[in-house]
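Participant: I am attaching a structure below and will ask some questions about it afterwards.
Here, each number is a calculation from the coordinates, and none is a lab measurement. Quick caveat: nothing in here was measured; it's all calculated off a predicted structure. Reconstructed Cβ throughout: ideal geometry from the backbone, glycine too, with neighbour counts over all protein chains shown.
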């Protein structure tokens with residue numbers, strides 16, 4: 001009995017030492033309540049005073065991993081009141097324990113007023129078959145409040161969710177602790193530009209006690225950051241997951257108590273086999289089914305490229321994408337084909353099988369979209385991917401195909417798929433990495449010819465010609481609007497413009513440029529006067545600088561190179577003279593990054609002006625950020641320059 005009692009005592013001590021690393025409520029101070037702002041970021045609407053997660057095997061729950069969470073946040077402004085609305089997501093079979101929350105406010109007497117969360121105010125929501133959530137709102141929130149809450153999650157799974165040191169509000173301190181049994185090995189990665197203040201690993205030899213085996217040891221990891229600035233998103237960036245400071249754990253292996261090792265990530269070859277076995281759900285060998293579904297006349301086409309294009313068009317128009325990405329499982333191609341609707345995996349696996357049925361050399365390509373984040377190449381992974389496209393080799397040329405978007409031409413991958421490197425799965429030989437690139441260049445060309453009439457209104461024509469992603473996006477927009485609604489929206493964007501007629505060319509011929517031809521009248525809003533001022537950049541003028549940050553720690557990623565050309569010929573009547581025209585300008589970005597040219601030519605009663613913007617590189621480093629910022633500033637200045645006409649005496 002004494003031995004049993006001793007073992008229980010030691011186990012309890014070990015459990016308590018792990019629990020003691022978790023925090024209880026009641027740590028808010030009067031000094032925190034008196035804070036009226038954060039000196040390091042005067043724009044902050046709130047400040048995380050302290051947050052912590054502590055993961056450890058719970059002795060009272062058969063060593064099931066338990067994570068205790070603690071948060072203390074200062075609210076400066078009512079725009080941060082939503083921080084008091086807490087939603088906790090739970091996987092199937094996970095349990096939420098010990099939810100407690102307090103709001104603190106300063107009274108007129110300078111004392112602390114507390115309001116506690118009522119247990120009855122915690123609500124459950126069924127999100128999906130595999131996910132639920134718990135939701136509550138911390139009561140009595142005001143400007144100046146401090147909120148403090150904690151909860152625990154008991155999870156039977158080996159997955160450890162990412163811990164985000166950084167968020168959209170600044171933090172004084174963020175800490176993650178984990179006691180991981182020695183028979184579990186994880187790849188641990190810190191992402192982002194902020195530095196760790198604490199990076200510690202120690203051995204706890206009495207972490208758990210196992211009947212018949214004895215004590216088991218854990219590695220106790222502690223990671224912390226202090227004085228963490230808010231992460232501010234901006235245009236032309238990949239997913240913030242690539243840059244925001246966070247901690248990731250990917251399970252590498254597990255050793256059983258009998259000494260058997262199960263590897264979860266070992267080699268890329270094994271990871272690729274796992275993708276085929278578990279993630280494609282036996283749906284990559286359905287070519288016989290699709291051979292019966294594709295019109296027979298398509299298979300009779302002798303030219304391989306023409307045949308592939310017909311199959312691509314058939315699948316593209318047969319399906320409607322349901323908005324879901326590749327779900328890594330549960331693909332049911334026959335059902336999706338019959339319903340004419342599917343997710344990315346179902347549609348592109350249908351394309352893969354159909355091309356295979358036609359004898360075309362095809363492979364599957366898995367990737368992570370721009371919003372999902374970059375895939376790691378440091379060690380083999382299978383869970384980073386959320387998208388799949390098809391590679392086709394035809395006449396010694398490689399094409400990448402995605403049939404989910406009805407406006408993508410053959411060979412053009414969607415913009416969201418241009419995200420670092422993708423993995424081509426070669427199940428017979430060795431898989432490899434490839435960087436997807438646009439098949440078609442992206443450009444917008446505006447040609448404007450206008451004449452100033454006797455009423456001082458401008459009349460004439462406009463032609464807009466789009467290629468690449470500009471054309472894809474515009475075709476999608478046109479598909480959602482009637483012609484009358486499109487004209488109404490155009491006139492709403494340019495209030496003094498009346499569209500008298502419009503013509504579209506190549507709306508459905510996806511590999512050709514999309515053209516819009518307008519006949520317009522622009523009404524003079526100022527009325528009759530001796531001087532007329534006209535901004536010659538009448539359409540699609542750059543209104544604001546996309547680069548506003550004081551500094552940017554992550555690269556600028558345009559995704560693709562682009563050209564925007566604008567030209568206008570303005571004819572003026574004899575009774576006016578050209579008094580002033582915009583100054584010519586020619587600027588360039590360093591390292592052949594791009595150019596902007598703005599030039600005006602006067603010839604008789606005509607003014608010709610052209611503006612050409614060329615972004616010739618896809619990615620710019622953060623060191624080049626200020627050059628980009630100044631470049632766009634100068635474009636805005638140039639595009640706000642005016643032509644002044646003066647009535648002759």
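Participant: Roughly how tilted is helix 344-357, in degrees to the nearest 10 and between 0 and 90, from the longest Cα axis of the chain?
Facilitator: The helix 344-357 is inclined about 70 degrees to the chain.
Participant: Residues of segment 600-642 with amide nitrogen under 15 Å from the 7 Å Cα-to-Cβ point of residue 574?
Facilitator: Counting backbone N atoms under 15 Å from the label point, the list is 604-606.
Participant: Continuing with this model, one more query. Considering the values (1) 2.45; (2) 0.99; (3) 1.21, which represents Cα Rg over 2.2 N^0.38 Å as calculated for the structure under consideration?
Facilitator: Label of the calculated value: (3).
Participant: Obtain the nm distance between the two label points defined at residue 303 and residue 447 by a simple spin-label model: each point lies 7 Å from its Cα along the Cα-to-C-beta direction.
Facilitator: Each label point is offset 7 Å from its Cα along the Cβ direction, giving 2.8 nm.
Participant: Still on this structure, please answer the following. Kirkwood Rh over Cα pairs of segment 268-435 into Stokes-Einstein at 10 °C, 1.306 mPa s: D in µm²/s? Don't skip to the end; give the middle numbers.
Facilitator: Values: Rh = 15.9 Å.
D = 100 µm²/s.
Participant: Take the Cβ-Cβ distance between residue 601 and residue 227 as r, set R0 to 45 Å, and report the resulting FRET efficiency rounded to the nearest 0.05. Write out the running numbers ahead of the final one.
Facilitator: On the way: r = 56 Å, r/R0 = 1.24.
It comes out at approximately 0.20.
Participant: Need the full-extension length gain, residue 621 to residue 480, defined as separation in residues times 0.36 nm minus the C-alpha distance. One decimal, nm.
Facilitator: Contour length minus the Cα-Cα distance gives 47.0 nm.
Participant: Want the number for residue 118 to residue 274: 0.36 nm per residue separation, take away the alpha-carbon distance, what's left? All intermediate terms of the calculation are to be shown ahead of the outcome.
Facilitator: Details: separation 156, 0.36 × 156 = 56.16 nm, distance 4.66 nm.
Extra length available between residue 118 and residue 274 comes to 51.5 nm.
Participant: How much length is gained if the chain between residue 491 and residue 529 is pulled fully straight, taking 0.36 nm per residue apart and subtracting their Cα-Cα distance, in nm to one decimal?
Facilitator: 11.2 nm
Participant: Same structure again: Specify the angular offset, from 0 to 90 degrees and rounded to the nearest 10, of the alpha carbon long axis of helix 625-639 from the longest principal axis of the alpha carbons in the chain.
Facilitator: Helix 625-639 and the main axis of the chain meet at about 30 degrees.
Participant: Could you sort 606-612, 342-348 so that the peptide with the highest average Cβ count within 10 Å comes first and the rest follow in order?
Facilitator: 342-348, 606-612
Participant: Rounded if a/c is under 1.5, else prolate if a/b is larger than b/c, else oblate: which is segment 329-408, with a ≥ b ≥ c the root eigenvalues of its Cα gyration tensor?
Facilitator: The shape class here is oblate.
Participant: Per-residue ellipticity at 222 nm for the chain, helices alone: DSSP H runs ≥ 4 residues times -39500 (n - 2.57), over residue total, nearest 500 deg cm²/dmol?
Facilitator: -5500 deg cm²/dmol
Participant: For an R0 of 22 angstrom, estimate the FRET efficiency from the Cβ-Cβ distance between residue 260 and residue 188 and round to the nearest 0.05.
Facilitator: Working: r = 24 Å, r/R0 = 1.07.
Efficiency computed from Cβ-Cβ geometry: 0.40.
Participant: With each pseudo-label sitting 7 Å past Cα toward Cβ, what's the residue 95-residue 332 distance in nm, one decimal?
Facilitator: My value for the distance between the label points is 3.3 nm.
Participant: With a ≥ b ≥ c the root eigenvalues of the C-alpha gyration tensor of segment 442-647, is it rounded (a/c under 1.5), prolate (a/b larger than b/c) or oblate?
Facilitator: oblate
Participant: Arrange 447, 467, 362 by Cβ neighbour counts within 10 Å, fewest through most, would you? Can you show the working numbers first?
Facilitator: Working: 447 16, 467 19, 362 23.
Sorted ascending by nearby Cβ count, the order is 447, 467, 362.
Participant: What's the ranking of 426-433, 312-319 by average number of surrounding C-beta atoms within 10 Å, highest first? All intermediate terms of the calculation are to be shown ahead of the outcome.
Facilitator: Numbers: 426-433: 11.4, 312-319: 19.4.
The most tightly packed comes first, giving 312-319, 426-433.
Participant: Suppose a student asked you for the relative contact order of segment 223-367, using Cα pairs under 8 Å spaced at least 6 residues apart; what percent would you report? Could the numbers behind the result be given before it?
Facilitator: Details: 121 pairs, mean separation 29.4, N = 145.
Rounded, it is 20 percent for segment 223-367.
Participant: Relative contact order for segment 330-475: what percent, with Cα pairs under 8 Å and sequence separation of 6 or more?
Facilitator: Values: 235 pairs, mean separation 25.2, N = 146.
Reported relative contact order: 17 percent.
Participant: Any idea how far the Cα center of segment 477-549 sits from the one of segment 242-278, in Å?
Facilitator: Value for the Cα centre distance between the two parts: 53 Å.
Participant: OK, next. Can you tell me the relative contact order of the chain? Whole percent, Cα pairs under 8 Å, sequence separation 6 or more.
Facilitator: It comes to 8 percent, rounded to a whole number.
Participant: For the Cα atoms of the chain, what angle does the longest principal axis make with the long axis of helix 2-19, in degrees from 0 to 90, nearest 10?
Facilitator: Rounded to the nearest ten degrees, it is 20.
Participant: Hey, with R₀ at 35 Å, roughly what FRET efficiency would residue 339 and residue 509 work out to, going by the Cβ-Cβ distance, to 0.05?
Facilitator: 0.75
Participant: Something else now. Please list 244-251, 509-516 highest first by mean number of surrounding beta-carbon atoms within 10 Å per residue.
Facilitator: 244-251, 509-516
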